[in-house]
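These notes concern the structure reproduced below.
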Amino acid sequence: MIAEVVINRTARRLNRTFDYKIPKDLEELIVIGSTVLVPFGKASHLVDGYVIGIKENTTYEVKEIAKIEHNLTEKQIELATWMSKRYFCNVSDCIKQMLAPGTKNKSTDRGVQDKTIHAVYLKKDIEAIELDIETGKIKSEKQKRILLFLKNNEGTTVSEIEMLTGGTRAIVKTLEKNGYVEIVEKKVERNPLANKQIPKTTNLKLTDEQENAFKAISTSMDKNEYKEFLVYGVTGSGKTEIYLQLIGEALKNNKTAIVLVPEISLTPQMIDRFIARFHKEEIAVLHSKLSIGERFDEWNRIKENKAKIVIGARSAIFAPMQNVGIIIIDEEHDSSYKSEAVPKYDAKEIANKIAQESNCPLVLGSATPDINTYYHSLKGKIELLELTKRANHSNLPEVEIVDLKMELANGNRSMLSVKLHDAIEQNLKEKRQTILFLNRRGFSTFIMCRECGYTVKCKNCNISMTYHKTENKLKCHYCGYEEPVVTICPECHSTKIRYFGTGTQKLEQEINKIFPDAKTIRMDIDTVTKKNSHEEILNKFRDENIDILIGTQMVVKGHHFPNVTLVGVIAADSSLNIDDYRANERTFQILTQVAGRAGREKLPGKVIIQTYNPENFSIVCAKEQNYHMFFDTEIALRKQLKYPPFCDIILIGFNSLLEKEIIEVSEKVYSYLKKNLDNEEFQVLKPMPSPIDKIQNRFRWRIIIKGNMTNKANEILNDCLKKIFESNYKNTRVSIDVNPNSMI
């Protein structure tokens, strides 16, 4: 028997199968989906490979498979093969997404798969032991103490016995040698939910709109029918309650559920809601802030069918769930569902494929649906379910726009407009909480010499460094490079170095200066580096009634804080001024989402949006909380300019250590595409340097293609990549991304 094996290597030229003989003793064990160790090329050690096909014979002289490690399913291999073509990457890159955490890299494998302890148990009956103590057969006081301790504490570890009895490891070993105890190696499950104690809740009475949505989706579940639904509901309309009750139905029918959330910061709050409704043992959680060991154990609980509900970020869609009854993607508009690393997959597309194969509904939920999703719902491809009212009958917040140009004209150079300052002051008096949103971390966004105009840029990237005051360092947010703060201009030697722009650190400092008695807390990437820090900050804000939460986009989505009655948006324009056709959409979404954090209970909410562009339609629509008005304007623009959903944007990215080589490669690709793809259906734009033309000392160019991605176009692009990788360009990397998150 011959196995067709894909080698676990990133080199594009190795994205093909190699034939290996299956040894007789492994014939019963090796199946499509097996991870194997094989000799490869001139390598002195065995390398990982994945079996994606099995056949009777080969025309080649082949080596034998050395060892089998673990198995995936045929369905997973089929999905990986489909992903490889769809996202223009190696099959092995896709298979790695489906392996248990900690098994993808040999360097992290040790100690991850099994955490074991040495537990001590009595080997003799306690009556016999007590008799030996009475008759003086056991003379040592420490031995007696350990044995009597184990009478009520079997399974205790050796280290715990040392700590609690004063005995030693050597004494325990002596007792083992004399046949009184046995030391057993025991596997420990690392459960991230073990210490969570949440009061139980029952199903809430659904509103008429919620009931209609629930019935439509549960009907598809009962029929074991694939169908895609969009639950479009205003902030606070009770989408999560619908999810909970649908999952309850799935469990009743012995089915499982996958729930994706966009931000790790949302996961703890979502998990709390689920633990309150379902058994903790039925829930598995997967996200990058867990240790690799915790993720490994959660993955295995899912694989062993112990966990019936999986909650996690994007990669949780690959969890080895069986008998899936429903897939839910919360905040479906969020860009984090699209991977920016290889493989550049879209979790929504993967979820759609799995839902079709599982004959179950896929539910997309959002208060600000992705333009493409909503467009397809109007065209009937997705069933639209609307929730127009808040579930607890609270009103949407009052939203006010402040023109920062007028503030400057009136002499106010503070980060806070007069209206926002007064509103915070009033909120503090009334003991209400405030959220201030600014989507830039750090203290100042760039540093410039006032004498000659020199701007401090990263030595690896063609991008301004950001000043972080708490560490007194300049940081590049693209490659992570750091350097001490510049005090003298390296160009003209002037000391007139000034800080421009504003980040969350500077905002926090200013708030503490203006409101010295207010308790503040900050939430951005710099404050959530430690494990569980997301949850700790959010719990602290809620439970300790901290006055003001300052944060980036982490604070805007999905959170429910009953005492928050004021939300301030410091600079609404930051997401407008980006080189991306979705700038208006992202601005509208983020402003609507952040506004939705205010007044979620009986207390009225207020939102103040500060901007230099008060007439911009995305800001005006966010003020009105009017998605339909925004959609109608934006879809007309997109149709006129031929942007998604009326076509796909295909970005071919090049990066290289050599500028001459990157220009040559990009011109070669452009010529190939002009010849094979450029027609009335596709528009291939000339290669140009990317907006950020250098990151990590690598030059960056791009080609943009507009057109509807078809199977034929996919084949042409894959063939183009193959030809480039067969050429001898060692310094240049090429990637293809369909409808990328970032156009820079």
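The values are calculated or read from the model by the stated rules, or taken from the named source; none is laboratory data. No experiment lies behind these values; they were computed from the predicted model shown. Here Cβ is always computed from backbone atoms with ideal geometry, including for glycine, and neighbour counts include all displayed protein chains.
For residues in segment 205-220 being part of a helix (DSSP H, G or I) and of a type in the set (D, E, K, R), which is nearest to residue 390 (Cα to Cα)? So, considering only residues that are part of a helix (DSSP H, G or I) and of a type in the set (D, E, K, R), the one nearest to residue 390 (Cα to Cα) is 209.
Selection of segment 673-682 for residues being surrounded by 15 or more Cβ atoms within 10 Å (Cβ to Cβ) and more than 36 Å from the chain's Cα centre (by Cα) yields only 676.
One line per residue, one yes/no per condition, for (1) out of contact with any Phe, Trp or Tyr (no Cβ under 8 Å at 6 or more places or on another chain); (2) charged (D, E, K, R); (3) loosely packed, with under 15 Cβ neighbours inside 10 Å:
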residue	(1), (2), (3)
118	yes, no, yes
121	yes, no, yes
125	yes, yes, yes
130	yes, yes, no
141	yes, yes, yes
148	yes, no, no
151	yes, yes, yes
157	yes, no, no
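For segment 482-503, the count of residues that are in contact with an Asp or Glu (Cβ under 9 Å, 6 or more places away or on another chain) and acidic (Asp, Glu) is at least one. Under 14 Å from residue 5 (Cα atoms) and charged (D, E, K, R): is that true of residue 63 in this structure? Here the answer is yes, as residue 63 does meet what is asked. Just one of the numbered conditions (1) touching a Gly at 6+ places or on another chain (Cβ under 9 Å); (2) β-branched (Val, Ile, Thr); (3) in the same structural domain as residue 611 (by TED's automatic domain parsing) is not true of residue 328: (3).
Scanning segment 540-566 for residues that are under 18 Å from residue 428 (Cβ atoms) and either aromatic (Phe, Trp, Tyr) or assigned to a loop (DSSP other than H, G, I, E, B) (or both) yields a total of 8.
Taking each residue of segment 264-286 that is more than 16 Å from residue 250 (Cα to Cα) and looking for partners that are among the hydroxyl-bearing types (Ser, Thr, Tyr) and at pLDDT 90 or above with beta-carbon atoms closer than 8 Å, six or more apart or interchain, yields 270/240; 273/240; 286/315. Test residue 378 against the stated conditions and say whether it is touching a Ser or Thr at 6+ places or on another chain (Cβ under 9 Å) and either surrounded by fewer than 22 Cβ atoms within 10 Å (Cβ to Cβ) or in contact (Cβ under 8 Å) with a residue 40 or more places away in the chain (or both). Taking the combined requirement at face value, the residue does not satisfy it. Any residue that is modelled with pLDDT of 95 or more and in contact with a Phe, Trp or Tyr (Cβ under 6 Å, 6 or more places away or on another chain) - is there at least one of those in segment 317-338? Yes.
In segment 702-716, is there at least one residue being under 30 Å from residue 237 (Cα atoms), in contact (Cβ under 8 Å) with a residue 24 or more places away in the chain and either in contact with a helix residue (DSSP H, G or I) (Cβ under 8 Å, 6 or more places away or on another chain) or not assigned by TED's automatic domain parsing to the domain that holds residue 341 (or both)? The answer is no, given that none of the residues of segment 702-716 is under 30 Å from residue 237 (Cα atoms), in contact (Cβ under 8 Å) with a residue 24 or more places away in the chain and either in contact with a helix residue (DSSP H, G or I) (Cβ under 8 Å, 6 or more places away or on another chain) or not assigned by TED's automatic domain parsing to the domain that holds residue 341 (or both). Residues in segment 567-599 that are under 21 Å from residue 414 (Cβ atoms) and assigned to a loop (DSSP other than H, G, I, E, B): 570, 571, 572, 573, 574.
Segment 408-479 holds strands (runs of 3 or more DSSP E) entirely within its bounds, and those carrying 1 or more residues that are of a type outside the set (S, T, N, Q) and in contact with a helix residue (DSSP H, G or I) (Cβ under 7 Å, 6 or more places away or on another chain) map to 433-437, 466-468.
Residues that are closer than 30 Å to residue 457 by Cα and surrounded by 14 or more Cβ atoms within 10 Å (Cβ to Cβ): does segment 713-731 have at least one? Within segment 713-731, one or more residues are closer than 30 Å to residue 457 by Cα and surrounded by 14 or more Cβ atoms within 10 Å (Cβ to Cβ). Applying the set (1) free of Cβ contacts under 8 Å to residues at least 12 places away in the same chain; (2) closer than 25 Å to residue 460 by Cα to residue 492 leaves exactly one unmet item: (1).
Conditions (1) touching a strand residue (DSSP E or B) at 6+ places or on another chain (Cβ under 7 Å); (2) among the β-branched types (Val, Ile, Thr), marked per residue:
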site	(1), (2)
639	no, no
673	yes, no
679	no, no
695	no, yes
703	yes, yes
706	yes, no
732	yes, yes
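Applying the condition of being in contact (Cβ under 8 Å) with a residue 24 or more places away in the chain and small (Gly, Ala, Ser) to segment 391-428 and asking which residue is farthest from residue 564 (Cα to Cα) yields 414. Can you tell me which residue within segment 199-234, out of those that are more than 25 Å from residue 352 (Cα to Cα) and within 29 Å of the chain's Cα centre (by Cα), is surrounded by the most Cβ atoms within 10 Å (Cβ to Cβ)? Within segment 199-234, the match that is surrounded by the most Cβ atoms within 10 Å (Cβ to Cβ) is 201. Scanning segment 571-602 for residues that are at pLDDT 80 or above and more than 17 Å from residue 555 (Cα to Cα) yields 573, 580, 581, 582, 583, 584, 585. Among the residues of segment 389-428, just one is surrounded by fewer than 16 Cβ atoms within 10 Å (Cβ to Cβ), farther than 15 Å from residue 598 by Cβ and either outside the structural domain of residue 619 (by TED's automatic domain parsing) or touching a Lys or Arg at 6+ places or on another chain (Cβ under 9 Å) (or both), namely 393. Among the residues of segment 342-382, those identified as of a type in the set (A, V, I, L, M, F, W, C) and part of a loop (DSSP other than H, G, I, E, B) are 342, 360, 367, 382. If you go through segment 241-265 and keep only what is within 20 Å of residue 347 (Cβ to Cβ), β-branched (Val, Ile, Thr) and in contact with a helix residue (DSSP H, G or I) (Cβ under 6 Å, 6 or more places away or on another chain), you end up with 261, 264.
Would you check if residue 298 is out of contact with any Ser or Thr (no Cβ under 8 Å at 6 or more places or on another chain), part of a helix (DSSP H, G or I) and either outside the structural domain of residue 234 (by TED's automatic domain parsing) or more than 20 Å from residue 79 (Cα to Cα) (or both)? Against the criterion (out of contact with any Ser or Thr (no Cβ under 8 Å at 6 or more places or on another chain), part of a helix (DSSP H, G or I) and either outside the structural domain of residue 234 (by TED's automatic domain parsing) or more than 20 Å from residue 79 (Cα to Cα) (or both)), residue 298 qualifies.
Counting the residues of segment 337-351 that are aromatic (Phe, Trp, Tyr) and out of contact with any Asp or Glu (no Cβ under 9 Å at 6 or more places or on another chain) gives 1.
In summary, residue 732 fulfils each of the numbered conditions (1) assigned by TED's automatic domain parsing to the domain that holds residue 594; (2) in contact with a Ser or Thr (Cβ under 6 Å, 6 or more places away or on another chain) with the single exception of condition (1). Is it the case that some residue within segment 614-622 is in contact with a Cys (Cβ under 7 Å, 6 or more places away or on another chain), part of a helix (DSSP H, G or I), at pLDDT 85 or above and surrounded by 18 or more Cβ atoms within 10 Å (Cβ to Cβ)? Looking through segment 614-622, none of the residues is in contact with a Cys (Cβ under 7 Å, 6 or more places away or on another chain), part of a helix (DSSP H, G or I), at pLDDT 85 or above and surrounded by 18 or more Cβ atoms within 10 Å (Cβ to Cβ).
Being on the phi > 0 side of the Ramachandran plot and touching a strand residue (DSSP E or B) at 6+ places or on another chain (Cβ under 9 Å) is a description that does not apply to residue 589.
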